[in-house]
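To start, the structure itself, in structure tokens.
Just so you know, all these numbers are worked out from the coordinates, no wet-lab data involved. Small disclaimer: the values here were computed from a predicted structure and weren't measured. We place every Cβ from the backbone using ideal geometry, glycine too, and count neighbours over all the protein chains shown.
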């Protein structure tokens, strides 16, 4: 975790130095494309009607894709697809090997507001679900996918213009998914509380 924070700090410092001298007067208009990735932390909790409880944790890898357009300058309406993949999760204190993965997916819509200095605040709402997979060979895997439930996430940060169309930067985020998963003889409740740091690249229009 310490190495992850150091790497992000070095990357952010490099972007800041590279972008010095470029205009900070930015207007996000027209088509919008934003991609973000980085480490994800936090816990996923579950319980069922038989009294069994689950706690899933570990450092995951996250990816966030947003596509949309400006409804007015610096206010973006977009669709969002996100994935958080935890390889070798720890479940109830037991560390599984890297053949096991635990994923959280999100699909929804949201708004992003930029300031003239390219600070941003994003909010998304939609549906989320979990996928637990155990690899059995190089080409096959057995997995279970939960039912979908309500999910939301927020993100805040800053970007620096490195060209007339592209901004690079980063931010912090919080995400939560709450759902009920029903099987033949069981009912499960799952909820997540995730947070992390993302490196972000955005296609925009600079004045």
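How far is the Cα center of the stretch 52-116 from the Cα center of the stretch 161-207, in Å?
First find each Cα centre; the distance between them is then 4 Å.
Note the full-extension length gain between residue 121 and residue 35 as 0.36 nm times their separation in residues minus their Cα-Cα distance, in nm to one decimal. Spell out each step's value before the answer.
Details: separation 86, 0.36 × 86 = 30.96 nm, distance 1.47 nm.
Once the chain is fully extended between residue 121 and residue 35, it gains 29.5 nm.
Using a 10 Å cut-off around each Cβ, can you sort 104, 188 from fewest to most neighbouring Cβ atoms?
On the way: 104 26, 188 19.
So the residues, fewest neighbours to most, are 188, 104.
Neighbour counts of other C-beta atoms within 10 Å: give me 174, 198 arranged from fewest to most.
174, 198
Given R₀ = 35 Å, FRET efficiency for residue 79-residue 55 by Cβ-Cβ distance, to 0.05?
On the way: r = 32 Å, r/R0 = 0.91.
Once the sixth-power term is evaluated, E becomes 0.65.
Tell me, in nm to one decimal, what length is gained between residue 92 and residue 147 on full extension, where the rule is 0.36 nm per residue of separation less the Cα-Cα distance?
Going from the current span to full extension adds 17.6 nm.
Test of understanding: ordering 67, 44 by Cβ neighbours within 10 Å, fewest first, what list do you get?
Fewest-to-most ranking of 67, 44: 67, 44.
Once the Cα atoms of the stretch 95-207 are picked out, what are the Rg and Dmax in Å?
Taking only Cα atoms of the stretch 95-207, I get Rg and Dmax of 18.2, 60 Å.
Sequence gap at least 6, Cα distance under 8 Å: using those rules, report the relative contact order of the stretch 36-174 to the nearest whole percent.
Working: 320 pairs, mean separation 21.6, N = 139.
So the answer I get is 16 percent.
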